[in-house]
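Have a look at the structure below before the remarks.
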Amino acid sequence: MQPIIETSKTESQETVARWQASMKMAFRSPVELAEFLGLNLEQAIVPSNSYGFPFLVTREFASRMKKGDWDDPLLLQAWPFSQESIAAPGYNEDPVGELGARIESGLLQKYHGRVLMVTTGACAIHCRYCFRRHYPYSDEPKSIEQWLPALDRIEADDSISEVILSGGDPLMITDRSLETLFKRIESISHVERLRIHSRMPIVLPNRIDDGVVHLLKQTRLAAYVVVHTNHRNEIDESVIQAFRRMRNAGAVVLNQAVLLRGINDNVEAMEDLCLELTKHSVLPYYLHLLDPVQGASHFNVTAEKGKQLIVELRKRLPGYALPELVQELAGEASKTPA
Ligand SMILES: *Cc1c(COP(=O)(O)O)cnc(C)c1O
Ligand code: SF4
């Protein structure tokens, strides 16, 4: 069986790309990151198994954290604090009803005209608030043969005009695997748009290499890349370069953020983020209220506070720089404006 969904772990024939070499250097234990940042470990409990969601942070992302600062907004997104063990009421392992939206192996459909492929379970960072932190990735396709039912399903339904590559992070698969997927999707004539949901332009910007640029350039499909950044400090010169490369390759670049307690839940932080994004021609798309996933309740910001924030932001930002505050409710026909 020819594997198409290769990650750096299973990659074999191809030479190791630069981004894959960077990925191998990522921090895989909280203690290593604490040492790198000069953090006092007596102030924290270091959990042995990271509450069932392995610790992972790239060196590139860690280098943008402030040394010795337990309140750093980037660190707070990645550190497994003991509050993850709290069983908060209403928080569960499938917070937005994805398992009920699985129409084929690896394929989710909730909304008209758009399907979402769970391309891989791998990511370049493990965001502690991730709504898919308990997603059963191991049940999803690992080879082109296993993807065939999903691809056939898309082909058979001409109401589908957009395919979203998600995960995990779809850019964690090799260029060759991406190319195979692109080709299959491009061959379905009613598909018009290809969307990539990826955090790699932020956490491992060298992933936007010539291979990815080439794929974006050559596709007949309208290409949208939705990146994920929550705080202005996540954006440095290397990220700006990645934005530019994607834009120059013809992709429309959008951002989605999650409203996170103590990280971006104030007007100044959100204004800075939105202005920095638009300065580099990236449009703020959604600002998500936290999905109630088990282990993330300490990040929650109320819808009320989120709405007040938007009222204030609207006074400060051009209309196109204002993200839409939304919530994902299981069973709804779209994201729900908050
Ligand atoms: C969020 C989501 C989409 C995309 O929704 P848009 O409003 O088009 O950005 C598509 N499918 C699923 C399953 C989703 O969760
Ligand atoms: S990169 Fe996205 S899918 Fe991966 S852990 Fe972060 S939020 Fe979840």
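Enumerate the calculated ³J(HN,Hα) couplings along segment 143-160 in order (Karplus 6.51 cos²θ - 1.76 cosθ + 1.60, θ = phi - 60°), each rounded to whole Hz, writing x wherever the residue is Gly or Pro.
8, 4, 4, 6, 7, 4, x, 5, 5, 4, 4, 5, 4, 7, 10, 7, 7, 8
Take the residue pairs Lys67/Lys305; Lys66/Lys279; Lys217/Lys335; Lys67/Lys307; Lys24/Lys67 and return only those whose Cα atoms are more than 26 Å apart. Walk me through the intermediate numbers first.
Numbers: Lys67/Lys305 30 Å; Lys66/Lys279 23 Å; Lys217/Lys335 30 Å; Lys67/Lys307 33 Å; Lys24/Lys67 22 Å.
Those over the limit are Lys67/Lys305; Lys217/Lys335; Lys67/Lys307.
How charged is the neighbourhood of Pro54? Take every other residue with its Cβ under 12 Å from the Cβ of Pro54, and add Lys/Arg as +1 and Asp/Glu as -1. Walk me through the numbers before you get to the answer.
On the way: positive: Arg28, Arg128, Arg133; negative: none.
In short, +3.
Relative contact order of the chain, please, whole-number percent, based on alpha carbon pairs below 8 angstrom and at least 6 residues apart.
On the way: 635 pairs, mean separation 62.1, N = 338.
Averaging sequence separation for qualifying contacts and normalising by length gives 18 percent for the chain.
Please state the shape class of segment 78-215: rounded when a/c is under 1.5, otherwise prolate if a/b exceeds b/c and oblate if not, all from the C-alpha gyration tensor.
Working: a/c = 2.22, a/b = 1.33, b/c = 1.67.
Cα axes put segment 78-215 in the oblate bin.
How much length would be gained if the chain were fully extended between His214 and Ile103, taking 0.36 nm per residue of separation minus their Cα-Cα distance, in nm to one decimal? It would help to have the intermediate numbers written out before the result.
Numbers: separation 111, 0.36 × 111 = 39.96 nm, distance 3.12 nm.
Between His214 and Ile103, full extension yields an extra 36.8 nm.
Please quote Rg/Rh for segment 297-338 to two decimal places, taking the Kirkwood radius as Rh and restricting both calculations to Cα atoms. Present the calculation step by step, with values, prior to reporting the outcome.
Working: Rg = 12.0 Å, Rh = 11.7 Å.
Dividing the radius of gyration by the Kirkwood radius yields 1.03.
Express in nm, to one decimal, how much length is gained between Val31 and Lys279 on full extension, taking 0.36 nm for each residue of separation and deducting their alpha carbon distance. Numbers along the way, then the final one.
Numbers: separation 248, 0.36 × 248 = 89.28 nm, distance 3.59 nm.
That works out to 85.7 nm of additional length.
Taking θ as phi - 60°, what are the ³J(HN,Hα) couplings along segment 258-264 by the Karplus curve (6.51, -1.76, 1.60), each to the nearest whole Hz, with x for Gly and Pro?
Karplus-based 3J(HN,Hα) across segment 258-264 equals 10, 6, 10, 4, x, 10, 9 Hz.
Using the alpha carbon gyration tensor of segment 233-319, what are the three equivalent-ellipsoid semi-axes (square root of 5 times each eigenvalue), largest first, in whole Å? Mind showing how you got there, number by number?
Working: eigenvalues 124, 50, 25 Å².
Working from the Cα gyration tensor, I get semi-axes of 25, 16, 11 Å.
Assuming a ≥ b ≥ c are the square roots of the Cα gyration tensor eigenvalues, decide whether segment 28-71 counts as rounded (a/c under 1.5), prolate (otherwise, with a/b larger than b/c) or oblate. Before the final figure, lay out each step's value.
Working: a/c = 2.23, a/b = 1.22, b/c = 1.83.
Note, shape of segment 28-71 comes out oblate.
Which percent, to the nearest 5, of DSSP beta bridges fully inside the chain are antiparallel?
That works out to approximately 20 percent antiparallel.
Long-range amide H contacts for Glu332: which residues qualify at under 5 Å (H placed 1.01 Å from N, peptide plane, sequence gap of 5 or more or a different chain)?
none
Using only the alpha carbons of the chain, what is the convex hull's orientation-averaged projected area in square nanometres?
Details: hull surface 65.5 nm².
Mean orientational projected area (the chain, Cα hull): 16.4 nm².
From the phi angles alone, apply the Karplus equation (6.51, -1.76, 1.60; θ = phi - 60°) to segment 209-221 and give each ³J(HN,Hα) in whole Hz, x where the residue is Gly or Pro.
Couplings: 8, 4, x, 5, 4, 4, 4, 5, 5, 7, 5, 6, 7 Hz.
Of Asn264, Asn255, Asn40, which has the largest mean-square fluctuation in a 10 Å C-alpha GNM of the chain?
Maximum among the listed residues: Asn40.
Beyond 21 Å, what share of the Cα-Cα pairs of segment 60-124 remains, rounded to the nearest whole percent?
Working: 1119 of 2080 pairs.
Here the long-distance tail beyond 21 Å is 54 percent of all Cα pairs in segment 60-124.
Please list the non-local residues whose amide H lies under 5 Å from the amide H of Val326, H modeled 1.01 Å from N, same-chain partners needing a gap of 5 or more.
Under 5 Å from the amide H of Val326: Leu287, His288, Leu289, Ala338.
Over the alpha-carbon set of segment 194-267, divide Rg by the Kirkwood Rh and report the Rg/Rh ratio to two decimals.
Details: Rg = 13.0 Å, Rh = 12.8 Å.
Ratio value, two decimals: 1.01.
Mind listing P(r) for segment 152-192? All alpha-carbon pairs, 10 Å bins, whole percents.
28, 50, 22
Taking a ≥ b ≥ c as the square roots of the eigenvalues of the Cα gyration tensor of segment 152-247, is the shape rounded (a/c under 1.5), prolate (a/b larger than b/c) or oblate? Numbers along the way, then the final one.
Working: a/c = 2.28, a/b = 1.91, b/c = 1.19.
Cα axes put segment 152-247 in the prolate bin.
Taking R0 as 30 Å, what FRET efficiency do you get between Thr15 and Lys307 from their Cβ-Cβ distance, rounded to the nearest 0.05?
Working: r = 51 Å, r/R0 = 1.69.
According to the calculation, E is roughly 0.05.
Is any residue of segment 44-58 close enough, with backbone N under 13 Å, to a label point placed 7 angstrom from the Cα of Ser85 along the Cα-Cβ axis, and if so, which?
Taking a point 7 Å out along Cα→Cβ of Ser85, the residues of segment 44-58 whose backbone N falls under 13 Å are 45-52.
Bear in mind that the values in this text are calculations on the coordinates, not laboratory data. Owing to the predicted nature of the structure, the values given are computational and were not obtained by experimental measurement. As a convention, Cβ positions derive from the backbone with ideal geometry for all residues, glycine included, and neighbour counts pool all protein chains shown.
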